[in-house]
Each structure stands twice: as C-alpha cells, then as structure tokens.
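My questions all concern the structure below.
Nothing in this text is a laboratory measurement; each read-out follows from the coordinates by a stated rule. The structure displayed is predicted, hence computed values, not measured ones. Neighbour counts run over all protein chains shown; Cβ positions are idealised from the backbone, glycine included.
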Amino acid sequence: MAARIDLTLDGADAQTLAVFWKTALGYVDEPPPAPFATREEWLAQFDLPEDDTEDDGAWLCDPDGVGPRLCILKVPEPKTAKNRLHIDIRVPGHGSADERWARIRAEAERLVRAGGRVLDEFDGHHVVMADPEGNEFCVAAAAA
C-alpha cells in the first residue's frame, strides 16, 4: 500500500496563505481531529510557547478527500531561496493546444486576482507563479 502525503508550507502569515490556497485549490478548512471540537482545543494538548496561537497555523483539505492535506505554519524566518518542491495546479479539460493554453492563462489571471503573481510563462505549456509570500507553483493543463 502506498503512503499518503500531506504538504506543509511555511510562511509569515498562515491565515493569508490559507485564504489564497483555499481559492487556488478549492480546499476547505480541515476540521480538528476527533475528539476535539476546535483547533484551539486540539492545540492546547501540546506544550507550545505562550505566544503561539491558533492563527499561527492553518489546516486545509480537499473536500472530496482526493488531494493531499495542506498544513500552513507561521515561521519567523523569511523565504530566502527557490522552493525545492512546488505545487502544480492542473487545469482540467481537453481540447486543442490553444484551448488548453487559454484555460491555463485564465486560471493564472484568477490567481493573480486572489493575490498571486506571475513569475514566468512558458507559452502554450505552463505559467510559473508565486503565492502572496513568494512560494512558487505552476499552473498547467491536466494530463490528457
């Protein structure tokens, strides 16, 4: 049986990144693990520094249960280099190369409006973007 993975993303503002990634991926806030009613209650079981709060993290999940969970954690240090691992957002749909490229561009434009920015375009293939804190990701067509 294959292992399941979660992705963890570090940032300065976990809540801003959570809003962006929920928009980008169609994810929702993950409920706290049972038997806890709230994330604050769940976090209380850990010996965290006094200044850590529930807002220092965000836990997101695919509402259909297909994609990996995404954990976003506040960290004190800034991003200093290119990500060694990045997320590819695959835009669904089939059609001609021009139609696929139009969908990729439309998705990139939607994510710019959500707070992302375009870093580079590989015409007809994919767009390299960054989230509000500079974490790189790509927008490309889904595999045929």
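What whole number of Å gives the distance from the Cα centroid of region 68-144 to the Cα centroid of region 39-64?
Between the Cα centres of region 39-64 and region 68-144 lies a distance of 26 Å.
For n ≥ 4 DSSP H runs only, could you compute -39500 (n - 2.57) per run for the chain, divide by its residues and tell me the 222 nm figure to the nearest 500?
Theoretical 222 nm ellipticity from helices: -7000 deg cm²/dmol.
Quick one: grab the alpha carbon gyration tensor of region 87-141, order the square roots of its eigenvalues as a ≥ b ≥ c, and give me rounded if a/c is under 1.5, else prolate or oblate depending on whether a/b is larger than b/c.
prolate
Still on this structure, please answer the following. Arranged by the count of other C-beta atoms within 10 angstrom, fewest first, what order do Phe137, Phe36, Phe46, Phe122 take?
Placing the least packed residue first, the sequence is Phe46, Phe122, Phe36, Phe137.
Follow-up question, since we're still on this one. By how many nm would the segment from Arg113 to Leu7 lengthen if fully extended, with 0.36 nm per residue of separation less the alpha-carbon distance?
My answer for the length gained is 35.8 nm.
What is the order of Asp47, Asp120, fewest Cβ neighbours within 10 Å to most?
Sorted ascending by nearby Cβ count, the order is Asp47, Asp120.
Just to be sure I understand, if you calculate Cα extents along the principal axes in Å for this structure, which of (i) 57, 27, 25; (ii) 54, 44, 25; (iii) 53, 35, 29 do you get?
The value computed from this structure is option (iii).
Another question about this same structure. Give me, ordered by chain and number, the residues 5 or more places off Asp10 or on other chains with an amide H under 5 Å from its own placed amide H.
Amide H neighbours of Asp10: Leu73.
Taking only the Cα atoms of region 6-74, how large is their convex hull per residue, in Å³?
Taking the convex hull of the Cα positions in region 6-74, it is 88 Å³ per residue.
Now a separate question. Taking neighbour counts of Cβ atoms within 10 Å as a proxy for exposure, in what order, fewest first, do Ile89, Ile104 appear?
With the sparsest Cβ surroundings first, the list reads Ile89, Ile104.
Please determine, in degrees from 0 to 90 and to the nearest 10, the orientation of helix 97-113 with respect to the longest principal axis defined by the Cα atoms of the chain, where the helix direction is its Cα long axis.
40
While we're on this one: Positive end of the charge dipole of region 1-101 (Lys, Arg +1 and Asp, Glu -1 on Cβ, about the Cα centre): tell me which of Ala14, Leu73, His94 has its Cα farthest that way.
His94
Taking amide H positions as placed 1.01 Å from N in the peptide plane, with prolines and chain starts having none, which residues 5 or more places from Ile89, or on another chain, fall under 5 Å of its amide H?
Those lying under 5 Å, H to H, from Ile89 are Cys138, Val139, Ala140.
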